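Working notes, beginning with the structure itself.
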Amino acid sequence: MNESTDPPDPLRWAIAGAGTISRSIVPDLKLIPGNRVDIVFSRDEAKAARFAEEFGLPRWTDDFASLISDPGVDVLYLATPFATHAAMAREALLTGKHVVVEKPMALNAVEVEELFALARSLGLFLMEAMWMKFNPAFRHLFELLDSGLIGKPASLRAGFGFPLIADGGSRWDVARSGGTLLDQGIYPVTLAHAIFGEPTGIHAGGRLREDGLDFAEHFTLDFEEGQFAHCASSMTEFVDPSASISGTLGWITLPGMFWTSTTLLVHAGTWAKMFAPEPIEHEREGNGYVPMLRAAGEAIRSGVTEHPIHPASETIAVFRTLDTISQLVKDSVAAFPLEGSQGAARTEVSDYA
């Protein structure tokens, strides 16, 4: 008997949130065969309707409960303010939906652990949308590191800082989201974890607004074999948005913006290449989210509950580090108040783990 060659039914996505990220996600989903997006949710019905019209979606809603109970939805992409992520992801999982959550997927490691435990218990796919880890240049970076071209990696430098307009958006609202660490700092931390694993010690300082909103951090992560990562994030000034990984035989640079870079610069091999490397270019698919969305769809179809490129264990570990940095910044500002509420402190990870 011949097996059917008919293509599988499309994976049906819903989008929660009609902001900037969703405006990139929907066009990229449309580029991936076997995936479809038909409906968008926003608390503002008029905004949802405008979004649906602009992107050619047949349906929209301002009722989240009806969205996640809709039998015509298989997967939810959650791109609402940070503070809503954990609760909305939990609701969606409990109604039987697979969920991809825009970073940060929650506000702390406890929330992240609880979400992954719930997804596993229900046999549903859950992933933080850390698109950087799926991009071709990032994948190639690890091939180059594994090849030994720069020797043994020993240190890392990465930053993400831009003066953002204080427009009243959720970035500036400590109750809805708030802060540069979860918005920008998560990328340098994720990169450092991907290269060296979980840190054994952390030095951190930063600046807080009077209501506790963090708007700048600088931190050094120490690792078991003596490696270290110097990182910074800010939403009030520029921080060089490139990254570099240095080893015993050279270094590799990801030009800014490193989390979305399509280029690698390998400073190794010969002295000429060390100081004038030829760029290694990779093609960008759509807005850059296509590789991640394709990988998530393939994982869901295969029946797994997490993706091996960005699994639960690594996401939870990153949030443990973020939690420690956040607490250190708060402690340093309280202990060493300076003009602009800034300070610096150090801890071993076990102090806050």
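Return only the number of the condition from (1) under 27 Å from Glu217 (Cα atoms); (2) surrounded by fewer than 23 Cβ atoms within 10 Å (Cβ to Cβ); (3) touching a helix residue (DSSP H, G or I) at 6+ places or on another chain (Cβ under 8 Å) that Leu145 does not satisfy.
With respect to (1) under 27 Å from Glu217 (Cα atoms); (2) surrounded by fewer than 23 Cβ atoms within 10 Å (Cβ to Cβ); (3) touching a helix residue (DSSP H, G or I) at 6+ places or on another chain (Cβ under 8 Å), Leu145 is out only on (1).
Just to be sure I understand the filter: pairs with C-beta atoms under 8 Å, separated by 6 or more residues or on different chains, first member in region 233-258 and at positive phi, second member β-branched (Val, Ile, Thr) and open to solvent by less than 60 Å² (accessible area, probe 1.4 Å). Which pairs pass?
Gly250/Ile150; Gly250/Val266
Of everything in region 318-335 that's of a type in the set (A, V, I, L, M) and open to solvent by 10 Å² or more (accessible area, probe 1.4 Å), which residue is modelled with the highest pLDDT?
Val333
Which of the residues belonging to region 38-74 are closer than 22 Å to Asp9 by Cβ and assigned to a loop (DSSP other than H, G, I, E, B)?
Of everything in region 38-74, those that are closer than 22 Å to Asp9 by Cβ and assigned to a loop (DSSP other than H, G, I, E, B) turn out to be Gly56, Leu57, Pro58, Ser69, Asp70, Pro71, Gly72, Val73, Asp74.
Looking only at residues in region 93-117 that are over 19 Å from Ala14 (Cα atoms) and small (Gly, Ala, Ser), which one is surrounded by the fewest Cβ atoms within 10 Å (Cβ to Cβ)?
The residue in question is Ala117.
If we scan region 27-41, do we find a residue that is open to solvent by 20 Å² or more (accessible area, probe 1.4 Å) and in contact with a helix residue (DSSP H, G or I) (Cβ under 6 Å, 6 or more places away or on another chain)?
yes
Report the residue count in region 252-263 for those that are surrounded by fewer than 22 Cβ atoms within 10 Å (Cβ to Cβ), farther than 14 Å from Ile186 by Cα and either touching a His at 6+ places or on another chain (Cβ under 9 Å) or of a type in the set (Val, Ile, Thr) (or both).
Here the count works out to 3.
Pick from region 289-310 the residues that are open to solvent by less than 30 Å² (accessible area, probe 1.4 Å) and not aliphatic (A, V, I, L, M): which of them is nearest to Ser22 (Cα to Cα)?
For region 289-310, the residue satisfying everything is Tyr289.
Which one of these is outside any strand (DSSP E or B), on the phi > 0 side of the Ramachandran plot and among the small types (Gly, Ala, Ser): Gly286, Gly297? Lay out the reasoning, then the answer.
Working: Gly297 fails: on the phi > 0 side of the Ramachandran plot.
Within the list Gly286, Gly297, the selection yields Gly286.
Residues that are part of a loop (DSSP other than H, G, I, E, B), within 18 Å of the chain's Cα centre (by Cα) and touching a residue at least 12 places away in the same chain (Cβ under 8 Å): does region 193-200 have at least one?
yes
Of the residues that make up region 162-173, is at least one of a type in the set (Ser, Thr, Tyr) and surrounded by 13 or more Cβ atoms within 10 Å (Cβ to Cβ)?
Yes: region 162-173 contains one or more residues that are of a type in the set (Ser, Thr, Tyr) and surrounded by 13 or more Cβ atoms within 10 Å (Cβ to Cβ).
When Thr80 is evaluated against the numbered criteria (1) of a type in the set (Val, Ile, Thr); (2) part of a loop (DSSP other than H, G, I, E, B); (3) surrounded by fewer than 22 Cβ atoms within 10 Å (Cβ to Cβ), which criterion, by number, is the only one it fails?
So Thr80 meets the others, but not (3).
Does Leu78 satisfy being at pLDDT 95 or above, over 29 Å from Trp172 (Cβ atoms) and under 22 Å from the mean Cα position of the chain (by Cα)?
No: the conditions fail for Leu78.
Need pairs with beta-carbon distance below 9 Å; first residue of a type in the set (S, T, N, Q) and within region 89-103, second assigned to a strand (DSSP E or B); sequence gap 6+ or separate chains.
none
List the number of the failed condition for Thr236; all other conditions in (1) modelled with pLDDT of 95 or more; (2) part of a loop (DSSP other than H, G, I, E, B); (3) of a type in the set (Val, Ile, Thr) hold.
Failing condition for Thr236: (1).
Which of the residues belonging to region 120-132 are in a helix (DSSP H, G or I) and crowded, with 22+ Cβ neighbours inside 10 Å?
Selection gives Trp131, Met132.
Being surrounded by fewer than 22 Cβ atoms within 10 Å (Cβ to Cβ), hydroxyl-bearing (Ser, Thr, Tyr) and either touching an Asp or Glu at 6+ places or on another chain (Cβ under 8 Å) or not in a strand (DSSP E or B) (or both): is that true of Ser177 here?
Taking the combined requirement at face value, the residue satisfies it.
When the residues of region 195-221 are narrowed to those that are at pLDDT 95 or above and open to solvent by 40 Å² or more (accessible area, probe 1.4 Å), which ends up nearest to Gly148 (Cα to Cα)?
Only one residue tops the list, namely Glu198.
The values are calculated or read from the model by the stated rules, or taken from the named source; none is laboratory data. Keep in mind that this is a model prediction, so the values were computed, not measured. A quick note on method: Cβ atoms are made from the backbone with ideal geometry, for glycine too, and the neighbour counts reach across all protein chains shown. These accessible areas exclude ligands, DNA and RNA; they are computed on the full protein's heavy atoms, side chains included. Shrake-Rupley method; radii C 1.70, N 1.55, O 1.52, S 1.80 Å.
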